[in-house]
1. Quick one: in the stretch 124-142, which of the residues that are surrounded by 15 or more Cβ atoms within 10 Å (Cβ to Cβ) and of a type in the set (Ser, Thr, Tyr) is farthest from residue 98 (Cα to Cα)?
2. Within the stretch 105-130, which residues are assigned to a strand (DSSP E or B) and among the aliphatic types (A, V, I, L, M)?
3. State which residue is surrounded by the most Cβ atoms within 10 Å (Cβ to Cβ) when the search covers only the stretch 166-211 and only residues that are in contact (Cβ under 8 Å) with a residue 60 or more places away in the chain and not in a loop (DSSP other than H, G, I, E, B).
4. Among 296, 262, which is the only one that is modelled with pLDDT under 85, among the aromatic types (Phe, Trp, Tyr) and either surrounded by fewer than 16 Cβ atoms within 10 Å (Cβ to Cβ) or not assigned by TED's automatic domain parsing to the domain that holds residue 186 (or both)?
5. Do we find that residue 347 is within 18 Å of residue 270 (Cβ to Cβ), among the basic types (Lys, Arg) and in contact (Cβ under 8 Å) with a residue 12 or more places away in the chain in this structure?
6. In the list 337, 310, which residue meets the criterion of being surrounded by fewer than 12 Cβ atoms within 10 Å (Cβ to Cβ) and part of a loop (DSSP other than H, G, I, E, B)?
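The values are calculated or read from the model by the stated rules, or taken from the named source; none is laboratory data. Note that the structure is a prediction, hence the values are computed from the model and not measured. Don't worry about glycine lacking a Cβ; one is built from the backbone with ideal geometry, like all the others, and counts go over all protein chains shown.
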Amino acid sequence: MRGLAGKERMTGVRLVGLTILLFLLAGCATKKDVDVSRLLMDLEQGKSLDGARYTGPDAPEAPSTSLPPPPAGASAGAAKSEDITIQPDCLVQVSVKEDRQLEGSYTVNEIGAIEFGYVGPVILYNMTEKQAEQKVREVLESRYFRMATVSLRILKASYDKMTVLGAVNKPGVIKIGAGDTISLNDALLRAGGLRPAIKGAKVRIIRGGLTKAVAFEGEEHVLVSEDGKPSVPDIKLKNNDVVYVFSSDASTPTEVGEKEIYVLGEVSKPGVYRFVGAEACSMMHLLFKIGGLPPYANAKGIKIMRRDKNGNEQEIKVNAEDILKEGRPEDDVLLENGDRIVVPARRISLF
């Protein structure tokens, strides 16, 4: 009975509203701005004529004004290209909800790994915080926990690095701030500028070249304007980029007997190593120049990338471990001007 009475009251309210509506329409028949359908719709949705919502017990629910949810898999924002990655000498903080004894700050060693308590070494090299969290979670869930809740953040980032090679006065590694960029012009200045004898200077930029086996495929730009004046394009460089400066003019002179060997990969000082005059130029002598190989370098898998006169590339594999161990001349390999030596990382059975 109460429900029936409520419905009757609601019907009465609507009849009164319709009566008022007809009265208003009669008084405003000459006005063109009266939207009859809109007024009827508002009344049907429980609104009064002034726009306020009817709040009685039988009032209809308000229509939703919120935006629809984003589609599944859509990210909240665009990923930042300058995300800081984990490099040797970083300091990271890790916590595991299921085991507080693993919580702490860990230094990233020379091969990009942390000594993660009783878990052992876990390699996080070149990973972002989110990628490293996922890696630690996978390791724990594969060995120790059914489910691992991991939080990881970089407390102290190490310097990023890029390399300038070729016809510059001070080729080698340039350190930049973690996650930062450096302009091509600034990188060339920090490399001592172009060598005075170079003509028709060009630059080849290999994005992420320090992490690639073949590091001389990239974008090329001219460093000289049409009127012959130096002109450096506005290009930003970041972590692991390689810049190679060369001459497009075959008449550019070089020192008599000079050889330039480009060393990339897992060495303490990647860059250009020069052999002048009658100086012996071989793999053994190169290894002496660079001070040997670090423990994380794969001495057995060194590659010499060499191009012939037709531009065809040849790959020569060298076992530097035998060369350094025995020192036999027959194991040594002669190097030629422009050779690129790629030293890969040693594979270690770690997580």
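1. Across the stretch 124-142, the extreme among qualifying residues is 125.
2. 113, 114, 122, 123 - these are the residues of the stretch 105-130 that are assigned to a strand (DSSP E or B) and among the aliphatic types (A, V, I, L, M).
3. This residue is 168.
4. None of the other options fit; the residue is 296.
5. Considered against the rule, which asks whether it is within 18 Å of residue 270 (Cβ to Cβ), among the basic types (Lys, Arg) and in contact (Cβ under 8 Å) with a residue 12 or more places away in the chain, residue 347 comes out as no.
6. 310
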